[in-house]
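The values are calculated or read from the model by the stated rules, or taken from the named source; none is laboratory data. Keep in mind that what you see is a predicted model, and the values were worked out from it rather than measured. Don't worry about glycine lacking a Cβ; one is built from the backbone with ideal geometry, like all the others, and counts go over all protein chains shown. The accessibility values were calculated without ligands, DNA or RNA, using every heavy atom of the protein model including side chains. Shrake-Rupley method; radii C 1.70, N 1.55, O 1.52, S 1.80 Å.
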Amino acid sequence: MQEKPLVSIITPSFNQGVFIEETIQSVLSQDYQAIEYIVVDGGSTDSTLEVLRRYDGNIRWISEPDHGQADAVNKGMRMARGAIIGWLNSDDTYNPGAVGTAVKYFLAHPEIVMLYSDAYFINKSSHIIGEYPTKGFALKHLSRRCIICQPSVFMRANVIGDIGMLDTDLHTCMDYEYWIRIGKAFPQNRIAYIKGTYFANSRVYRENKTFGMRKKVYEEVMMMQRKYFGRIATRWIYGYIKEVVIGLEAKKY
């Protein structure tokens, strides 16, 4: 790997005009210069395109219909030229120094194929409201829940050649499924968790996909767990009953 490897950051986008400029600025303000920033928009009808046009020359972007978030990220992966890949959703942000710190770690540890850090939860106003429950990498942990905050992840581009791209049949948990595939394809010691460092901020609010599609989240997670681990973790069964079954029944009264 070169001393200053190119890092490709991919942002899938659809009607996130209220947040996307903050996302873009968090990438462009990084102190690491060798960044290729790619925004793949799904044909937004809000202010997103107006924002993207303001950054012409600083980012690469396209806007056209797609088949969801996973499809958009896959388009970005095919466009990417970097040796290292990051994926930052259009309502999430990087913290200062995130990209440079990740690159230094890859250069110092050539055996590592993927790394991730701790991460914060932020609200609509970008105030920190908590921390993502992150753990060191192990398939046994992933068999119970997603222990990795997606925007905190960086990986070598050759991982894509080894395991393929995101599953476009998934619409809520495509990242979780991808971490499982990586964990099954590579030895555990080739995936690094940088504890105590906070690369990114994951935005949490009522309208986002994780909250707005709870039934779909549970269904996809339980399907994945059965597929890859042969069983469904008890916490997801209880959660489905509590939030989906009981929750839906409660709305009738």
Using amide H atoms built 1.01 Å from N in the peptide plane, name the residues 5+ places from TRP61, or on other chains, whose amide H lies under 5 Å from its own. VAL39
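When only DSSP loop residues count, what GluC sites (Glu not before Pro) in the stretch 184-247 have their Cβ near at most 12 other Cβ atoms within 10 Å?
Values: sites: GLU207, GLU219, GLU220, GLU243; in loops: GLU207.
Counting only loop positions with at most 12 other Cβ atoms within 10 Å, the GluC sites (Glu not before Pro) in the stretch 184-247 are GLU207.
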Given a 1.4 Å probe, how much area per residue of the chain is accessible, in Å²? 47
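Using r as the Cβ-Cβ distance of ASN15 and ARG54, and R0 as 22 Å, what FRET efficiency do you calculate, to the nearest 0.05?
Values: r = 17 Å, r/R0 = 0.78.
The calculated FRET efficiency here is 0.80.
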Length gained, SER125-ASP169, 0.36 nm per residue minus C-alpha separation, equals 12.6 nm
Given only helices, namely DSSP H runs of n ≥ 4 each adding -39500 (n - 2.57), what is the per-residue ellipticity at 222 nm of the chain, to the nearest 500 deg cm²/dmol? -9500 deg cm²/dmol
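Express the relative contact order of the chain as a whole percentage, based on alpha carbon pairs under 8 Å and six or more residues apart in sequence. Can you show the working numbers first?
Numbers: 450 pairs, mean separation 52.5, N = 253.
Relative contact order for the chain comes out at 21 percent.
Order of 144-152, 73-81 by packing, highest average Cβ count within 10 Å first?
On the way: 144-152: 21.6, 73-81: 18.7.
Result, highest mean first: 144-152, 73-81.
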Descending packing, highest mean Cβ count within 10 Å first, for 158-168, 83-93, 117-127 is 83-93, 117-127, 158-168
Please report how far the C-alpha centroid of the stretch 117-160 lies from that of the stretch 35-58, rounded to the nearest whole angstrom. 25
Any of LYS140/LYS195; LYS104/LYS195; LYS135/LYS242; LYS140/LYS227; LYS184/LYS227; LYS195/LYS215 with alpha carbons more than 22 Å apart? Name them for me. LYS135/LYS242; LYS195/LYS215
